[in-house]
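**Q** Below is the structure I would like to discuss, written out as structure tokens.
The values are calculated or read from the model by the stated rules, or taken from the named source; none is laboratory data. On a predicted model such as this, the values are computed, not experimentally measured, just so you know. We place every Cβ from the backbone using ideal geometry, glycine too, and count neighbours over all the protein chains shown. Protein only, heavy atoms only, side chains kept; ligands, DNA and RNA dropped before computing areas. Shrake-Rupley method; radii C 1.70, N 1.55, O 1.52, S 1.80 Å.
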Amino acid sequence: MTRFTRRSTFGLATLPLLARPVLAAGRKSGARPGPYLIGADVSWVPEDEAAGARYFVDGEQKDPILILRDAGFNAIRLRIFVDPAKGYSKREPDKGWAGLAQTVKLGKRVRNAGMGLVLSFHYSDTWADPEHQAVPAAWAGYDLPALAKAVEAHTHDVLVAMRAGGAPVDMAVIGNETTFGMLWPHGRVKLSTSTGNPVTDANHAKVGEVGGFDGFAALLRAGIAGARRAEPGVAIQVHNHLGRHWPIVREWTDALIARQVDFDVVGFSCYQQRAQGDWATTFSEYVQRYPDKGLLVAEYSSRKRYINDLVHALPGKHGWGTFIWEPIRHQEAIFDQDGHNAGEGAKPDLISQGLNGAEAPGGLASQQPAVPKPEPTGPMGHGGDYVANDLIKLYPQMAKDYR
């Protein structure tokens, strides 16, 4: 089996194995270790296919991963839950969507397409994000040291299984959107600065006793240790959802570095800004303050060319790339369904124009729906025919321009 390292990944599996001193030098510089990443998270594909989804481009039905590859994408990010049968996939527990077995199968499809593979660890049985970082059922009642051991073992075992299944991982994301930490309350963080989003600020106003940055960093270090024990050459990403908010990003990153969290690249979610130019400010300030770290956009939807141009233009090749989140049927999708955008369409660029739910998933924790919703039935996936639209045409041009 081909040995992948930081400099022979992301669609470059044919390159020879490079010596470890070269890798160390690459990590120290913060420069991207390969081509600019034009990536996408398409973790919904298997459950949608199970519900009957078909994918078309120029009138031809094709594997959606191949459609993306042929449009200029060179990397795919997948998410993985600890035990989705007890959380995300409890409606279809036998399917275990975004569990290990499903992720290995989808990861192998990515590898067979010649694309790089990034794995985002949600250390939970369901979504982990700025408003939810629930401890998995199997780890309930653990104290911080026990949680750290579980995180290390889980990360290691997943990456070993991915390689054994023909889907070796190039980059491990240790926690998803962990601006406020992970595995609450032991790894929960209280930030000193308002996010400027009223939903997020309300949900984090009074959280009680938490582990703070010490607890959070201990869990990150454990995940990183497990990842590097399984895949010594794997790139390590940490993920902050506030790419628009430089003061919070600086506080958060300074705290992690001070606690010896050894990562290679930071990923930002970039769905919305508070003021025009927020993303550009964060990116510029970040690469100046942390010259030995890389930067990428881990999630975005609208403003596709703008986001990519900002990242690609960062000095010293410190911009590693971007990953559009679920572009087949989320927000400003690059596919249509029944003659309309398969997502909800473009979202407001500025908070003043309206809140983007991707920044504060689930709304206010204290807010109850006016009318209880019935329990959904039927398959979890979204079936139907998905047809690539004109937005996908942005990507071949970007791939050409960023060579």
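**Q** Which condition from (1) more than 30 Å from residue 95 (Cα to Cα); (2) out of contact with any Leu (no Cβ under 7 Å at 6 or more places or on another chain); (3) of a type outside the set (Ser, Thr, Tyr) is the one that residue 331 breaks?
**A** With (1) more than 30 Å from residue 95 (Cα to Cα); (2) out of contact with any Leu (no Cβ under 7 Å at 6 or more places or on another chain); (3) of a type outside the set (Ser, Thr, Tyr) applied to residue 331, the lone miss is (1).
**Q** Quick check: anything in the range 371-381 in contact with a strand residue (DSSP E or B) (Cβ under 9 Å, 6 or more places away or on another chain), under 24 Å from residue 39 (Cα atoms) and not hydrophobic (A, V, I, L, M, F, W, C)?
**A** The answer is no; no qualifying residue exists.
**Q** Let me ask another. When the range 181-206 is examined, which residues are found to be open to solvent by 10 Å² or more (accessible area, probe 1.4 Å), in a loop (DSSP other than H, G, I, E, B) and in contact (Cβ under 8 Å) with a residue 40 or more places away in the chain?
**A** Once the filter is applied, which keeps residues that are open to solvent by 10 Å² or more (accessible area, probe 1.4 Å), in a loop (DSSP other than H, G, I, E, B) and in contact (Cβ under 8 Å) with a residue 40 or more places away in the chain, the range 181-206 yields 184, 186, 191, 192, 193, 196.
**Q** Would you check if there is a residue in the range 156-176 being acidic (Asp, Glu), surrounded by fewer than 23 Cβ atoms within 10 Å (Cβ to Cβ), assigned to a loop (DSSP other than H, G, I, E, B) and out of contact with any Phe, Trp or Tyr (no Cβ under 6 Å at 6 or more places or on another chain)?
**A** No.
**Q** Could you tell me whether residue 333 is open to solvent by 10 Å² or more (accessible area, probe 1.4 Å) and closer than 23 Å to residue 387 by Cβ?
**A** no
**Q** Looking at the range 256-271 only, could you name the residues that are in a loop (DSSP other than H, G, I, E, B) and either polar (S, T, N, Q) or within 17 Å of residue 28 (Cα to Cα) (or both)?
**A** 260, 261, 262, 263, 264
**Q** Are there any pairs, at least 6 apart or on different chains, whose C-beta atoms fall under 6 Å, with the first in the range 141-169 and over 15 Å from residue 229 (Cβ atoms) and the second part of a loop (DSSP other than H, G, I, E, B) and open to solvent by 20 Å² or more (accessible area, probe 1.4 Å), and if so, which?
**A** 144/186; 147/186
**Q** How about the range 26-69: which of its residues are of a type in the set (A, V, I, L, M) and open to solvent by 40 Å² or more (accessible area, probe 1.4 Å)?
**A** 50, 66
**Q** While we're looking at this one, here's another question. Among the residues of the range 207-255, count how many are open to solvent by 10 Å² or more (accessible area, probe 1.4 Å), aliphatic (A, V, I, L, M) and in a loop (DSSP other than H, G, I, E, B).
**A** Here the count works out to 2.
**Q** Which ones in the range 121-135 are part of a loop (DSSP other than H, G, I, E, B) and crowded, with 22+ Cβ neighbours inside 10 Å?
**A** 122, 123, 124, 125, 128, 130, 133
**Q** Going through 317, 293 one at a time, which residue ends up being over 30 Å from residue 62 (Cα atoms), open to solvent by 10 Å² or more (accessible area, probe 1.4 Å), touching an Asp or Glu at 6+ places or on another chain (Cβ under 8 Å) and not hydroxyl-bearing (Ser, Thr, Tyr)?
**A** 293
**Q** If you go through the range 273-285, how many residues are open to solvent by 10 Å² or more (accessible area, probe 1.4 Å) and either touching a residue at least 24 places away in the same chain (Cβ under 8 Å) or in contact with a helix residue (DSSP H, G or I) (Cβ under 9 Å, 6 or more places away or on another chain) (or both)?
**A** Going through the range 273-285 one residue at a time, the tally reaches 8.
**Q** Please find, among 260, 288, the residue that is more than 26 Å from residue 395 (Cα to Cα) and free of Cβ contacts under 8 Å to residues at least 24 places away in the same chain.
**A** Answer to the check: 288.
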